[in-house]
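J.: Can you read through this structure? Questions will come right after.
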Amino acid sequence: MEYKSYLEKLHSKNATPEDFLRETVKYATGKDFSNKSRIIAGEANEVYDIELKDESHVIARISRKDKRNFEQERWAINESAKAGVPVPEILEIKHAVYENQPLHICIQRKMRGDTLERGKIDMRALPKGVLRKIIAQAGELLSKIHSVKTNGFDDLNAKGEGSVKSFREFILWREKQEKELFDLAKTANLESSVVKDFFSILQKIKRIIPEIAPVLNHNDYAPKHFMIEGDKITGVLDWGEVCGHSPINDLAKWDYWYGDGLPLEWLKVGYADKSLFDENFDAMLHWISLNNGLEVMWWYLEMEYPDAVESARKRFCKDLSYFKEHSI
């Protein structure tokens, strides 16, 4: 199944009723809307570009999670704005129950430009020099995001608090998942020896885990979330996955999803704090990538998307091979 078909199938399951959406938009803006178009670009939220009667636009994002959603985004967006990151303006967040189902709606003012990926811009057709310039800007903005401190690691709440207090505890959490990982291996076509190798590497990683303070991670920092005008980034979108983590996490996720076409080195050019790229950087990047890869496999198994599971399995083995070729 192609990814586009997968997204369309995923989003076909949900459609917010017109009257409820119209009521929420009017509450947030004081205006009725004349038109709406659905944006199918991500996997988490139902999203609409809404044209108001005065021809201005807002973006409506709808979540059906059991827990209250978007409050963590408001905190992260506000703090990132203080750090100099261009972010969307949140007009309203509303939590409701509609037909016995939780609905969380975030109304944002639409930002200038278009997304670098999955919009009207053909990212791959841009001159290499322009693309490198944009990605260097992204690196600069990422370092500003990472200047924001969080109170704890892992998923954040509305106050920027995570549930795990130390980086060491956060990293070693996998030690409690041995059974789950061997079960995952059976369903994801991973050899059991690969899981054994993973835990063997974890014992070595213990020796280089730094004592660090958690910082804000966008946690889905990607071209699809950059608004672009010309060669300038005008906004960073979609803060729904924010977490407290090492700054290396955002860089590892970039390398995982985009490293082949948009090298991590391009992002690092703009990143302000070059001291992050020390002698242990590559090992921590590949370790975090391994852990993120496990979550990707779990997610796509749950979504019944076998092609993505297979891609994640191959990438997991690739990250694992780093540790066979490099001593820690």
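The values are calculated or read from the model by the stated rules, or taken from the named source; none is laboratory data. This is a predicted model, so every value here is computed, not measured. Glycine also receives a Cβ, built like all others from the backbone with ideal geometry; neighbour counts cover every protein chain displayed.
J.: Please go through segment 191-213 and pick out each residue that is touching a Leu at 6+ places or on another chain (Cβ under 7 Å) and in contact (Cβ under 8 Å) with a residue 40 or more places away in the chain.
T.: Correct list: V194, D197, F198.
Rundown of residues vs (1) within 26 Å of I121 (Cα to Cα); (2) among the aromatic types (F, W, Y); (3) out of contact with any strand residue (DSSP E or B) (no Cβ under 6 Å at 6 or more places or on another chain); (4) in contact (Cβ under 8 Å) with a residue 12 or more places away in the chain, yes/no style:
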position: H11; (1), (2), (3), (4): yes, no, yes, yes
position: D19; (1), (2), (3), (4): no, no, yes, no
position: K26; (1), (2), (3), (4): no, no, yes, no
position: N35; (1), (2), (3), (4): yes, no, no, yes
position: R38; (1), (2), (3), (4): yes, no, no, yes
position: V47; (1), (2), (3), (4): yes, no, no, yes
position: H57; (1), (2), (3), (4): yes, no, no, yes
position: A81; (1), (2), (3), (4): yes, no, yes, no
position: G84; (1), (2), (3), (4): yes, no, yes, yes
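J.: It is to be established whether one or more residues within segment 186-193 are modelled with pLDDT under 95, out of contact with any helix residue (DSSP H, G or I) (no Cβ under 7 Å at 6 or more places or on another chain) and of a type in the set (K, R).
T.: Yes; the residues of segment 186-193 include at least one that is modelled with pLDDT under 95, out of contact with any helix residue (DSSP H, G or I) (no Cβ under 7 Å at 6 or more places or on another chain) and of a type in the set (K, R).
J.: Taking K31 as meeting all but one of (1) assigned to a loop (DSSP other than H, G, I, E, B); (2) basic (K, R); (3) touching a helix residue (DSSP H, G or I) at 6+ places or on another chain (Cβ under 6 Å), write down the number of the exception.
T.: Only one criterion is unmet by K31, namely (3).
J.: Working only within segment 116-164, note down all residues that are over 19 Å from the mean Cα position of the chain (by Cα), among the small types (G, A, S) and closer than 19 Å to P86 by Cα.
T.: None - no residue of segment 116-164 is over 19 Å from the mean Cα position of the chain (by Cα), among the small types (G, A, S) and closer than 19 Å to P86 by Cα, so the list stays empty.
J.: Within segment 91-100, is even one residue of a type in the set (S, T, N, Q) and buried (at least 20 other Cβ atoms within 10 Å of the Cβ)?
T.: no
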